[in-house]
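Presented below is the structure to which this report refers.
Throughout, read-outs are computed from the coordinates displayed, never taken from laboratory work. Predicted model, so just to flag it, every value in this text is computed and none were measured. Glycine also receives a Cβ, built like all others from the backbone with ideal geometry; neighbour counts cover every protein chain displayed.
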């Protein structure tokens, strides 16, 4: 009888077959002591992502007939996984050899550690500080949906208050939140807290999970391992209205769950005003530019999707 692997690597793919090939190659090169299995969940992609995943020997593929969302798809794979540790890896990530071993060894040596995540760097090689951060305050959440981040004030302290420089030194550091793009979680603890909250279709599910891990007494750690290359937004290289709508809805859900109804109401109000302002501003400029008209239609679609998915909560 074959013993279960130590690590189960899980990747949720959506319309990024070209990146998925490199991600799977890097995962299959991991050789943690105790073994590794790789599970890919395809969220009803329109490209040949399923065929790419099935071309790799030893990769289990779950091809869904509809896009159930990032958290829900990860939960499906986690329910199938048999490893002691779950390594959640985006398809736009390339993991250097040895990272899975390093994360697993760290967790094995600290019984109170529920999750660990490596350093992430972007295409330019610069550290992506969201790989380890503090929990966002209500003010941070309001800022995120305000649209100010897309202006010259986007680098304000209010936007980046939860990125402490002390996290990114040489040694491991306790953190509040790890990036869902690449994080390892103890399977038993993940299941005990209910996995990812599937009400988050996209975004904030990793923040919410880390909050629940901490509430359950688990420690969350950042390790300067890797660094892991993260081609941010690989599955959404052309922004879709659903992506923007989902980010606003997830922010409001997180605000209500962890900061209360008043904070959530403020987030929803700022979200509505921000999106409507952008729509009408681009519509007004549309008389001078076809690109402005395109942006106006984009935000009109975002508003419609946000309203449709928000339902009674809005």
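Taking the chain as a Gaussian network, where each spring joins two C-alpha atoms under 10 Å apart, which residue of 178, 86, 275 fluctuates the most? The residue that fluctuates most here is 275. Seen against the Cα atoms of the chain and their longest principal axis, helix 205-215 is set at about 60 degrees. Rounded to the nearest 10 degrees, the inclination of helix 70-80 to the longest alpha-carbon principal axis of the chain is 20 degrees.
The length gained by stretching the chain between residue 307 and residue 273 to full extension, at 0.36 nm per residue less their Cα-Cα distance, is 11.0 nm. Remark on region 237-287: ratio of C-alpha radius of gyration to 2.2 N^0.38 Å is 1.35. Relative contact order of the chain: 19 percent, from C-alpha pairs under 8 Å at least 6 residues apart in sequence.
How far, in degrees from 0 to 90, does helix 241-259 lean away from the longest principal axis of the Cα atoms of the chain, to the nearest 10? Result, in degrees: 80.
How much length is gained if the chain between residue 240 and residue 191 is pulled fully straight, taking 0.36 nm per residue apart and subtracting their Cα-Cα distance, in nm to one decimal?
Working: separation 49, 0.36 × 49 = 17.64 nm, distance 3.17 nm.
The residue 240-residue 191 span can extend by a further 14.5 nm.
Taken along the Cα-to-beta-carbon direction at a fixed 7 Å, the label points for residue 97 and residue 2 span 2.3 nm. The peptide list 278-290, 206-218, 120-132, put in order of mean Cβ contacts within 10 Å with the highest first, becomes 206-218, 120-132, 278-290.
Sorted on the mean count of surrounding Cβ atoms within 10 Å across their residues, most packed first, peptides 291-304, 55-68, 32-45 read 32-45, 291-304, 55-68.
Can you bin region 1-83 into rounded, prolate or oblate? Criterion: square roots of the alpha carbon gyration tensor eigenvalues sorted a ≥ b ≥ c, rounded for a/c under 1.5, prolate for a/b above b/c, oblate for the rest. Working shown, then result.
Details: a/c = 2.23, a/b = 1.44, b/c = 1.56.
Because a/c hits 1.5 or more and a/b fails to exceed b/c, region 1-83 counts as oblate.
Backbone N atoms of region 182-222 closer than 15 Å to the 7 Å Cα→Cβ label point of residue 127 belong to residues 222. Going from the fewest other Cβ atoms within 10 Å to the most, the residues 249, 24 appear in the order 24, 249.
Just to verify a number: FRET efficiency for residue 289 and residue 137, C-beta to C-beta distance, R0 = 35 Å, to 0.05? So, using R0 = 35 Å, E works out to roughly 0.40.
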